[in-house]
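Here's the structure we're looking at; comments come further down.
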Amino acid sequence: MIYEGKAITVKALESGIVELNFDLKGESVNKFNRLTLNELRQAVDAIKADASVKGVVVTSGKDVFIVGADITEFVDNFKLPDEELVAGNLEANTIFSDFEDLGVPTVAAINGIALGGGFEMCLAADYRVMSTVAKVGLPEVKLGIYPGFGGTVRLPRVIGVDNAVEWIASGKENRAEDALKAGAVDAVVAPEKLTEAALDLVKRAISGELDYKAKRQFKLDKLKLNAIEQMMAFETAKGFVAGQAGPNYPAPVEAIKTIQKAANFGREKALEVEAAGFVKLAKTSVAQSLVGLFLNDQELKKKAKQYDKQARDVKLAAVLGAGIMGGGIAYQSAVKGTPILMKDIREEGIQMGLNEASKLLGKRVEKGKLTPAKMAEALNAIRPTMSYGDFGHVDIVVEAVVENPKVKHAVLAEVEGVVKDDAIIASNTSTISINLLAKALKRPENFCGMHFFNPVHMMPLVEVIRGEKTSETAIATTVAYAKKMGKNPIVVNDCPGFLVNRVLFPYFGGFAKLLSFGVDFARIDKVMEKFGWPMGPAYLSDVVGIDTGHHGRDVMAEGFPDRMAAEGRTAVDVLYEADRLGQKNGKGFYAYEMDKRGKPKKVIDPQAYELLKSIVVEQREVTDEDIINFMMIPLCMEIVRCLEDGIVETPAEADMGLIYGIGFPPFRGGALRYIDSIGVANFVALADKYADLGPLYHPTAKLREMAAQGQSFYG
């Protein structure tokens, strides 16, 4: 053994060839944490000092190669002073460069996922051979940063500027065939032939058949582009990528600028340019939010995993109520491998549900994500029915009938009578109390909420709602089923609106206030979209449905009359009474016309402005900043209350619920992280400025206490 550590070993294979093996003890994956980097330093030094070494093959002892840097260390690292962070980055890069400069040929044998620092390790090798099941990429832009272990330097010199810009700016994972086509790897082989192929490459380089030094030199030199070629490549790319990424995500464009700045330098100077730009991005609020979002997502997955032991296996599911929502649930279940019964009392409902599932499956086939055979298999896994004939075999039933307590009570009691005693029944209600619905059941311990968001196939969140009598088995089984469907489940406790809708309605309360002061709804939409929301509140109301919003508001007003009851008639009342229901009937705040692709396109409708004049109580001048505060303070205040009331357990779950459920701007990290970015004391002071607007704007006693003590939600 030439070197042995806790993450890396170096041992002789044959004829002077050694294997540098990554196998981080106590972890399921390899990653570049402090330990691994330190050991790589020692391993490279040990290889360098051993005159008998003629070649190196880099391998992994895990199913993956290396997943990248240890992101849990980013939070502390990014707080370091700029000079310290730059120095640490360059020190790490020296290890990769010293590996690259070894006096013998090197080959990376990529057996599985090699992302970020893992792929940068491969790029430092002379040759790369890749398994057909592996994937490679540099996804750092998804964390608000760009590659920091030489990725912006080596990749453009290996695969060319255009390909490198696409790979780095998109952050996508690339399959073996695409990596080979781009020139990122030298060979692709079946998994069982990977070691053999890597050894063959290194032997050919040792014998002189392959000139590894000439291949290496490309990575050490400046880019082989003249000034005009550089201008054409970089300026075009910056314009296109800026348009795709938008103004709130600077990392993709900064990555291109870094490649451009370093284009005329050799490796060492180019790495210095990369390090300086990396630190600049690491210090942005966007990077902090996106790293925080990643860590929150990991926490969410860990919490969901805790339910695995108590969960019962769902072999057959059922959905009650077909239509668009039922069809979406059936599609999601079937396409992820769980057969499902789809019941409705009307033939047209069944047909609508089947059409929805068929349409969604057809789109996947068109995009090459599904074969026609797999589409047929998924469609066959959806069994439409108008009777309860096979319900005795069902493990879980998702009730998705009309949002009316009386109807739901009747349907839930009916289905409980036909399913087996231990079957789980879950309601897809969006606002009605689970405790209230449970009163219709003889076995309330088997009942919980399972709130999907529309459109089901696109929205990643499922709220699993625990009632007073819900058993842990019911929660665990529902969480497991949601995960099996490819969703991110968050367990919340029962209250009107649960987590997401409870928090959304105060946001709309702020919108109603602005409209009552005569502020143009189209202006409000533009300001909030610029803030980062995928759509403004007026457009969102139209998409959700004015009638849905009207009903939900009444439920919330009944649940929280002190702060959510409207003081008078609102815009939603006026539009609802005028039968302007939004996109569903072509007119709401906006009017809707079909575009060339057959999708509804919003247009300004003077009639809507005329109707809204009746709800203006006073004309008030407001700034764009006021608009943001009118909307965001009530939303943030309500998520604080949800946390304090124990509706949701952790800040991570609260923030991810809003990001996954209603598209809260990811680059802001969630509502609680948004408060932290302002500072809790500053946020309380800001809310106090708007105190005359009512209870939605009043900080809780506990929040004031946090402000006084200098605390934060993500301490």
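The values are calculated or read from the model by the stated rules, or taken from the named source; none is laboratory data. Everything numeric in this text was worked out from a predicted model, so none of it was measured. Cβ sites come from the backbone with ideal geometry, for glycine too, and all protein chains shown count toward neighbours.
Numbers at a glance
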read-out: Top-ranked residue in the stretch 245-267 [being farther than 16 Å from T284 by Cβ and of a type outside the set (S, T, N, Q); ranked as surrounded by the most Cβ atoms within 10 Å (Cβ to Cβ)]; value: I259
read-out: Sole residue being of a type outside the set (V, I, T), touching a residue at least 12 places away in the same chain (Cβ under 8 Å) and under 17 Å from I475 (Cα atoms), chosen from A400, A381, A410, A423; value: A423
read-out: Qualifying position, being surrounded by 20 or more Cβ atoms within 10 Å (Cβ to Cβ), out of contact with any strand residue (DSSP E or B) (no Cβ under 7 Å at 6 or more places or on another chain) and in the same structural domain as D605 (by TED's automatic domain parsing), among F511, F531, F517; value: F511
read-out: Extreme residue, farthest from A275 (Cα to Cα), among residues of the stretch 110-120 that are among the hydrophobic types (A, V, I, L, M, F, W, C) and not in a strand (DSSP E or B); value: I113
read-out: Residues within the stretch 632-663 that are small (G, A, S), out of contact with any strand residue (DSSP E or B) (no Cβ under 8 Å at 6 or more places or on another chain) and at pLDDT 95 or above, tallied; value: 2
read-out: From V107, V158, residue being buried (at least 20 other Cβ atoms within 10 Å of the Cβ), assigned by TED's automatic domain parsing to the domain that holds L220, among the β-branched types (V, I, T) and not in a loop (DSSP other than H, G, I, E, B); value: V107
read-out: Members of the stretch 668-692 found to be among the hydrophobic types (A, V, I, L, M, F, W, C) and buried (at least 18 other Cβ atoms within 10 Å of the Cβ), listed by number; value: A671, L672, I675, V680, F683, V684, L686, A687
read-out: Unmet requirement for L360, which otherwise passes all of (1) in a helix (DSSP H, G or I); (2) in contact with a Lys or Arg (Cβ under 9 Å, 6 or more places away or on another chain); (3) touching a residue at least 12 places away in the same chain (Cβ under 8 Å); value: (2)
read-out: Count of residues meeting criterion [buried (at least 18 other Cβ atoms within 10 Å of the Cβ) and among the small types (G, A, S)] in the stretch 213-244; value: 2
read-out: Failed condition for T371, given (1) without any contact (Cβ under 8 Å) to a residue 40 or more places away in the chain; (2) within 22 Å of D395 (Cβ to Cβ); value: (2)
read-out: Residues of the stretch 690-713 satisfying the condition of being part of a helix (DSSP H, G or I) and free of Cβ contacts under 8 Å to residues at least 12 places away in the same chain; value: A691, D692, A701, E705
read-out: Residues (surrounded by 15 or more Cβ atoms within 10 Å (Cβ to Cβ) and touching an Asp or Glu at 6+ places or on another chain (Cβ under 9 Å)) located in the stretch 1-21; value: I2, Y3, G5, A7, I8, T9, V10, L13, V18
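Conditions tested, residue by residue: (1) assigned to a loop (DSSP other than H, G, I, E, B); (2) free of Cβ contacts under 8 Å to residues at least 24 places away in the same chain; (3) farther than 21 Å from M459 by Cβ.
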residue: D562; (1), (2), (3): no, no, yes
residue: R569; (1), (2), (3): yes, no, yes
residue: D579; (1), (2), (3): yes, yes, yes
residue: F589; (1), (2), (3): yes, no, yes
residue: N629; (1), (2), (3): no, no, yes
residue: I647; (1), (2), (3): yes, no, no
residue: Y660; (1), (2), (3): no, no, no
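Residue-by-condition table, conditions (1) assigned to a helix (DSSP H, G or I); (2) under 34 Å from the mean Cα position of the chain (by Cα); (3) not assigned by TED's automatic domain parsing to the domain that holds W533:
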{"position": "E166", "(1), (2), (3)": "yes, yes, yes"}
{"position": "A169", "(1), (2), (3)": "yes, yes, yes"}
{"position": "E177", "(1), (2), (3)": "yes, yes, yes"}
{"position": "A184", "(1), (2), (3)": "no, yes, yes"}
{"position": "R204", "(1), (2), (3)": "yes, no, yes"}
{"position": "R216", "(1), (2), (3)": "yes, no, yes"}
{"position": "V241", "(1), (2), (3)": "yes, yes, yes"}
{"position": "F265", "(1), (2), (3)": "no, no, yes"}
